[in-house]
Amino acid sequence: MSRILVVEDDPRLSAVIEKGLRAAEMTPTVVADGRSALDYAMTGEFDLMILDLGLPVMDGLTVLRELRAARVRLPVIVLTARVSLDDTIASLEGGADDYMPKPFRFDELLARIRLRLPAAGVHGPETMILGDGGLVLNLHTRQATVDGRSVQLSGREFLLAETLLRHAGQVLSRQQILDRVWGIGFDPGTNIVDVYIRYLRRKLGQRRIESVWGVGYRLVPERPDQTGDS
């Protein structure tokens, strides 16, 4: 049964989320301040965290940054009334795996939780390997290895790499990547996919991710022979 840490200081909203998660056969734990959220998240006992930004004691963004600075790869869905582009970008850059503005539909939140849970809910060393000595993603520890070399990826970078790896050799459009990595309903006019592709290329190798003009991107399924722009 998936264990969900719910960080929300509005008791009515947290009660709704808690009830819905229990109905979905998940086990929620509710906390109402940032300091408690960080302490609970550090225990390693949870599969996913739902995080509000406007929290007492410690702001949600600070919780997120502290968590990622400690290399805790717990998937985080930010759920907040802050809807500005700056807040969205700050959350994603801080290591959030998804972002939902309030008000929201619980069925959509549940769908996004389930989308993030396969990687978090693995309680054994499930690993996906791309080629011999190529790209290795450990979905349990959230660690990446490129040609035998450990590479540090942010939560968003890891999810993007996982999405490309699951569809290695297949061209994914920007919209498909946006839906899978940032969630359905994210602004289709944003260039955030291209920005994160650049981030990932710097870490995985320029030729490992190929641009398909007018369509999107694909992960080259064989080990690249050299580095360079594609």
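With θ set to phi - 60° and the Karplus curve 6.51 cos²θ - 1.76 cosθ + 1.60, what are the ³J(HN,Hα) couplings of segment 107-113 in order, to the nearest whole Hz, using x for Gly and Pro?
For segment 107-113, the Karplus-derived couplings read 5, 6, 4, 4, 5, 5, 4 Hz, x marking Gly and Pro.
Would you work out the relative contact order for segment 1-114, in percent, from Cα pairs under 8 angstrom that are 6 or more residues apart?
Across segment 1-114, relative contact order equals 23 percent.
Just need log10 I(q)/I(0) for segment 3-115 at q = 0.12, 0.19, 0.20 Å⁻¹, Debye formula, equal scatterers on the alpha-carbon atoms, no solvent, rounded to two decimals.
Evaluating at q = 0.12, 0.19, 0.20 Å⁻¹ gives log10 I(q)/I(0) of -0.34, -0.93, -1.05.
Show log10 I(q)/I(0) for segment 27-67 at q = 0.24, 0.32 Å⁻¹, two decimals, from a solvent-free Debye sum over equal Cα scatterers.
Debye curve over Cα of segment 27-67, log10 I(q)/I(0) at q = 0.24, 0.32 Å⁻¹: -0.75, -1.28.
Consider a paramagnetic label point 7 Å from the Cα of ALA81 along Cα→Cβ; state which residues of segment 14-54 have an amide N under 14 Å from it.
Those under the cut-off are 14, 52-54.
Arranged from highest to lowest average of other beta-carbon atoms within 10 Å per residue, in what order do the peptides 162-170, 57-65 appear?
Values: 162-170: 16.7, 57-65: 19.8.
For the peptides 162-170, 57-65, the packing ranking is 57-65, 162-170.
Listed highest first by mean packing, meaning other Cβ atoms within 10 Å per residue, what order do 29-40, 9-20 come in?
Details: 29-40: 18.2, 9-20: 14.7.
Result, highest mean Cβ count within 10 Å first: 29-40, 9-20.
FYI, it's all coordinate maths here, none of it is from the lab. Owing to the predicted nature of the structure, the values given are computational and were not obtained by experimental measurement. Methodologically, a virtual Cβ is constructed for each residue, glycine included, from the backbone with ideal geometry; neighbour enumeration extends over all protein chains shown.
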